[in-house]
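The block underneath contains the structure these notes are about, expressed in structure tokens.
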Amino acid sequence: MQRIEDRVIDEQLKSELSRQGIFATSLQELYNWGRRSSLWPLNFGLACCAIEMIATTMARYDLARFGAEVFRPSPRQADLMIVAGTVTKKMAPQVVRLYNQMPEPKYVISMGACAISGGPFKQGYNVLKGIDRYIPVDIYIPGCPPRPEALIDAFLALQKKIDAQHLTGAARPRHLNADQPSEFVVPQFGKHDLEPPKNSELWKAPLVQITTGETTGAAMPGGQP
Amino acid sequence: MIVEPIVESIQVAVPGATLEIMPNPSPSAQHSIVVDAAHAVAVAAHLRDATGLQFDYCTNVTGVDWLPKETSTTTKVKKMVDGVEQEVAEVTKTTTPGFLEVVYHLYSIVLRHGPLVLRMRTLDREHTHLPSLTPVWRSAEFQEREIFDLYGVRFDGHPDLRRLLMWDEFTDHPMRRDYVDPDDYEYEPTAHGEVLERAREHQEGATP
């Protein structure tokens, strides 16, 4: 059986047809156009990043230009979760539960330093070190807080990402892949930390080379100068 | 605030109260009064109600964790060493137990004076009961809950002593000096100091 991407209409033929008044498209293009052009975010903010998110939706930055003005107050009507702000360990289970209640296809933007890694509160006793330990994140925006332009850029990046997705094949979206999970484990309040402290199937610690300012050989053995 | 007349006034009004002035050597000279737990509520009520004091407003309640302190004193002692009398320095170590402290900052809105710094101390870091001053100053309620949450001070007489910031199932007290935070140092791209050490331990365990 031929795969859909192999049967995509020739670009030249398509533009020739459109000049003749015939509109030709593929189901994949139509489906992706529909998904990317009406991303409805969940109306939900956690800290100061939420103020920037609100500013983005208002007249000055006007997120409505990109089809994302309808902030839904219910997860069941939302496509996009913008994790805007510090995720405390006390709030993390609720964030994951809200994400689980959103219908597929759904996307996550991790907005700001705190939502990415814990930010300035990373070593605190009460702050989660990044929401990607529990839910899959599509776009990360650095900043403290990121400016509205950065959030708009993240929107455009997400739209590009959706546009480039094939509906078949190994890289197809999660909701079209029966093997992929549709729900993620909601952490429980434990005696010392959240249980589990991270979703091990989802989040693996990136391998980083720890670098410091120390130069090798600075500490000489035997007290020699 | 000059605390000496206030201390005298308390001693007249609340007989038996053990009071201690803790001097503050900094230019602010905010000397504080350490009050014993048994008479704390009576002292607080006196500070609030007595004419001339009328500390009707408690702005701030906070906690301090004092670890056990080891002090060593060196004394020279004459001793017989190998049949010869020699002077030997002998070190004696004394350990003062640690304790938890609660600090109240009081102002008078009526008389426009303050702050008065009031302190209470627990016996040691295991016996953590102290009287609540919420019945005297209602504004202390949430701050005492916070101290209970973060330091583990049990306030007797508090109307609603629950954790404020952490969840109810949590058993630790994160602001105590000996608190050990959960070991989640798998990914520390810009680590330094203590964090660097803990991140390295993780990496050594993870490398194949």
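In this structure, does B:LEU116 turn out to be at pLDDT 85 or above and out of contact with any strand residue (DSSP E or B) (no Cβ under 6 Å at 6 or more places or on another chain)?
So B:LEU116 does not fit the description; no.
Does B:GLU126 satisfy the criteria of being more than 30 Å from B:TYR107 (Cα to Cα) and either within 14 Å of chain A (Cβ to nearest Cβ) or of a type in the set (Lys, Arg) (or both)? No.
Pairs are defined by a Cβ separation below 8 Å, a sequence spacing of at least 6 or placement on different chains, a first member in the stretch A:58-69 that is in contact (Cβ under 8 Å) with a residue 40 or more places away in the chain and surrounded by 14 or more Cβ atoms within 10 Å (Cβ to Cβ), and a second member that is among the charged types (D, E, K, R) and part of a helix (DSSP H, G or I); the pairs so defined are A:TYR61/A:GLU149.
Suppose the filter is farther than 30 Å from B:ASP49 by Cα, surrounded by 15 or more Cβ atoms within 10 Å (Cβ to Cβ) and assigned by TED's automatic domain parsing to the domain that holds B:ASP49; does B:MET120 pass it?
On the way: farther than 30 Å from B:ASP49 by Cα: no; surrounded by 15 or more Cβ atoms within 10 Å (Cβ to Cβ): yes; assigned by TED's automatic domain parsing to the domain that holds B:ASP49: yes.
No; evaluated as a whole, the condition is false for this residue.
Is it true that A:PRO197 is within 14 Å of chain B (Cβ to nearest Cβ) and either at pLDDT 90 or above or surrounded by 16 or more Cβ atoms within 10 Å (Cβ to Cβ) (or both)? So A:PRO197 fits the description; yes. Does A:SER74 satisfy the criteria of being under 30 Å from B:TRP167 (Cα atoms), of a type outside the set (A, V, I, L, M) and out of contact with any strand residue (DSSP E or B) (no Cβ under 6 Å at 6 or more places or on another chain)? So A:SER74 fits the description; yes.
Could you go through the stretch B:188-203 and let me know if any residue there is out of contact with any strand residue (DSSP E or B) (no Cβ under 6 Å at 6 or more places or on another chain) and in contact (Cβ under 8 Å) with a residue 40 or more places away in the chain.
Going residue by residue through the stretch B:188-203, those that are out of contact with any strand residue (DSSP E or B) (no Cβ under 6 Å at 6 or more places or on another chain) are B:188-203.
After this cut, where a residue has to be in contact (Cβ under 8 Å) with a residue 40 or more places away in the chain as well, the list is none.
No, the stretch B:188-203 has no match at all.
B:LEU165 - would you say it is hydrophobic (A, V, I, L, M, F, W, C) and either part of a helix (DSSP H, G or I) or in contact with a Phe, Trp or Tyr (Cβ under 6 Å, 6 or more places away or on another chain) (or both)?
Numbers: hydrophobic (A, V, I, L, M, F, W, C): yes; either part of a helix (DSSP H, G or I) or in contact with a Phe, Trp or Tyr (Cβ under 6 Å, 6 or more places away or on another chain) (or both): no.
When the stated conditions are applied, B:LEU165 does not pass them.
Assessment of the stretch A:109-122 against the conditions (of a type in the set (Val, Ile, Thr) and out of contact with any helix residue (DSSP H, G or I) (no Cβ under 6 Å at 6 or more places or on another chain)) yields at least one matching residue.
For the stretch B:145-179, the set of residues classified as under 17 Å from the mean Cα position of the chain (by Cα) and within 19 Å of B:HIS39 (Cα to Cα) consists of B:VAL153, B:ARG154, B:PHE155, B:ASP156, listed by residue number. Across the stretch B:151-174, the qualifying residues are those that are in contact with a Gly (Cβ under 7 Å, 6 or more places away or on another chain) and not hydroxyl-bearing (Ser, Thr, Tyr), and the one among them that is nearest to A:LYS89 (Cα to Cα) is B:GLU169.
Among the candidates A:LEU202, A:LEU128, the residue that is within 13 Å of chain B (Cβ to nearest Cβ) and under 28 Å from B:ARG200 (Cα atoms) is uniquely A:LEU128.
As for the stretch B:148-170, it holds at least one residue that is of a type in the set (Val, Ile, Thr) and surrounded by 21 or more Cβ atoms within 10 Å (Cβ to Cβ). Filtering the stretch B:157-208 to residues that are more than 30 Å from B:TRP137 (Cα to Cα), of a type in the set (D, E, K, R) and within 10 Å of another protein chain (Cβ to nearest Cβ) leaves B:ASP181, B:ASP183, B:ASP184, B:GLU186, B:GLU188, B:GLU194, B:ARG198, B:ARG200. Here is the figure for the stretch B:127-144: residues that are part of a loop (DSSP other than H, G, I, E, B), surrounded by fewer than 21 Cβ atoms within 10 Å (Cβ to Cβ) and under 16 Å from the mean Cα position of the chain (by Cα) total 2.
The values are calculated or read from the model by the stated rules, or taken from the named source; none is laboratory data. Just so it is clear, the model here is predicted, and its values are computed rather than measured. Backbone-built Cβ (ideal geometry, glycine too); neighbour counts: all protein chains shown.
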